[in-house]
Every structure is written in C-alpha cells, then in structure tokens.
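Readers should treat all values here as calculations from the given coordinates under stated rules, not as data from a laboratory. A quick note: this is a predicted structure, and the numbers were derived from the prediction, not measured. Counting neighbours? That spans all protein chains shown, and the Cβs are built from the backbone with ideal geometry, glycine included.
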Amino acid sequence: MKTGFIGLGRMGSAMATNLLKAGHDVTVFNRSTDKSRALLDLGAHGATDIADACRGEAVITMLADDRAVADVTLSDGGILQSLPRGAVHISMSTISVEFSKTLTRMHAEDGQRFIAAPVFGRPEMAAARKLFIMSAGDPATVAACMPLLDAMGQKTFSIGAEPSAANLVKLSGNFLLASAIEALGEAIALVGKSGIDKRAFVALLASTIFPAPAYASYGELIATNKFKPAGFVAPLGFKDIRLMLAAAEDLRVPMPLGGLLHDRFQRLLNQGGEDLDWAAIGGLAAQDAGAQQTAGSQI
C-alpha cells in the first residue's frame, strides 16, 4: 500500500522499517529530518512537509501524545487538510479517549476514515515485528489496513467499531503494566533488604508463578537498578496514567491504585527521572526502605 508515516522515534522508525521490508510504498516525515536518513537508505520517500506524507491510501501517526498528534493533524497543512477523501488516518499513538473521539468525528466530517491501532511492545519488539496491535474502527476500514498492520506486528486484535475503544484498552493495559512494576519494586525491595539475591528472585518469579515477559524484563531492570537507556521514558508513563484516570473519571470508575501510580510517577519526575525508563518507579520502594543502592544507581 502507498502510505505515509509520521513520527520516527525509536518505535516509529522500527515500524516504518518493517513496512518497507514488507514491500509497502512508504513516505516518511519527521520534524527532525536526521531521523529519516536510515529509512531513505532502505527505499522510503522523504516528505518535505506533512502534506507530502498524505498523498497515499493511508497515513500512520506514531507520536508521543495528544498535543503532538493534534499538531500534525489539525494544524494548517496538516493531515486533516491534506488527506484525500476516502483515505485513512491510522493513529497508533497512545492518546486520550476524548481526543480519539474528536479525531473520529473530524475525519468523518471531511470524508476521511480514521482507525485507532495502538500497540503493546517496546522498541526491540517493534524492530522484531513482535508488537501486539489493538485495532478499532469501521470493520471494512480495519480490514483494508490489515496489510499494513500485519507488517508491523505479530498479532492484531479487533476491539470494536468505535476507534476510542482501542485507546481505552491501551491505557488500561499500561495501567496494569505500571501496577506490576510497582508491585515488583516493593517485593524486590523486601527480599533485597533481607540479603536475598534480587536477580535470582526475579528469575524464580518469571519461571514459576508469573511466567510473563513483563515480570522478567521489568524485574531485571529493577533488580539491577538499570533504567538507562529508556525503552519507554517515565514522562510518557506518567502521561498514560493521567489519561487513564481521566477516562476513569468520565466513566465514574474508582481506581485507587491509579492514584498511587500517579503519585509515584510524580515523585520520580520531581527528583530528576525524566530520562529514565518508566520501570524506575519500581526502584522507589528501595529508597523508601533505606536500602543501599548499587554502584550503578540511577535514581
């Protein structure tokens, strides 16, 4: 398919690379043009502006937050003004439920199509085409986009006909991951302060009662107190918890654990954790316990 790709961070670059490897005709755009060079070497076309990336059947956005997506979509010369009638905007960013509803409405008013397709997975999973994708929107539109989604992920789950449903599922999943990180941090602080080998404890958990990638990968980061380089930076984790709490407030669903996570992220950022992996909230329990940090301490 002829598609544009906007947003070439670590996730976006890996995803666009896999589209090219699958034989799609990809035009890439990023505010920082140096991020496009490797993709141009692989055969991507370079867009000089947003409109240049909107001349195909679809345009994909993989950006940090509502503000970044709004900037490329709603601004003069943005996606809304440039995308042809009948073409589709595939939003793969983790954005708010309310903004997803706004984009759905505005694209429909302009005769364009919109689906949400946020992902679970870190940059290394994106590079290996191992992302899990949650798609939501008009079923025929989702079906038309499956060649693109299949090129970027190992499995795509259909959430429903309302695009914002995929965004709510994504935020709920990130809430569960952050909850696991906090719980791991507290348990690791407990066993570590007693003198038990923290990495051995994590290995035991991940091979017995919690045989899940999240426990193995985040547990290792917490046990070794290694939060750089970040696969997913703490400010984005904080953003997702805030968006989840906003959705919970709209639906009148109490989420007291969400409030705790909000405060943990706020504390981490207040003490200078902006460039750390979001797993660093799991290291705060060791601080609270007065445990001695390792020589490679990063928080």
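Table for the structure above
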item	result
On Cα atoms only, tilt of 97-109 relative to the major axis of the chain in degrees	0 degrees
In degrees, nearest ten, helix 198-207 long axis to first principal axis of the chain (Cα)	60 degrees
Taking the chain and dividing mean pair separation by its residue count, relative contact order in percent (alpha carbons under 8 Å, at least six apart)	14 percent
Projected area averaged over orientations for region 2-161, convex hull of C-alpha atoms, nm²	7.9 nm²
Theoretical gain in end-to-end length, residue 132 to residue 76 [0.36 nm per residue, Cα-Cα removed]	16.9 nm
Extension gain from residue 51 to residue 157, taking 0.36 nm per residue of separation minus the Cα-Cα distance	35.2 nm
Under 17 Å from residue 193, Cα to Cα: aspartates and glutamates that are on another chain or at least 8 residues apart	182, 220, 288
Overall form of region 168-288 per C-alpha gyration tensor (a/c, 1.5; a/b vs b/c)	prolate
Inter-label distance for residue 263 and residue 190, nm, one decimal - labels placed 7 Å from Cα along Cα-to-Cβ	1.9 nm
Net length gained if the chain between residue 289 and residue 34 were fully extended (0.36 nm per residue, minus Cα distance)	87.4 nm
Relative packing of peptides 251-257, 56-62, 97-103, 228-234 - highest average C-beta neighbours within 10 Å first	56-62, 97-103, 228-234, 251-257
√(5λ) per eigenvalue of the Cα gyration tensor, the chain, largest first, Å	36, 20, 17
Where labels lie 7 Å past Cα in the beta-carbon direction, separation of residue 143 and residue 106 in nm	3.0 nm
Point-to-point label distance, residue 275-residue 210, nm (Cα→Cβ direction, 7 Å offset)	2.9 nm
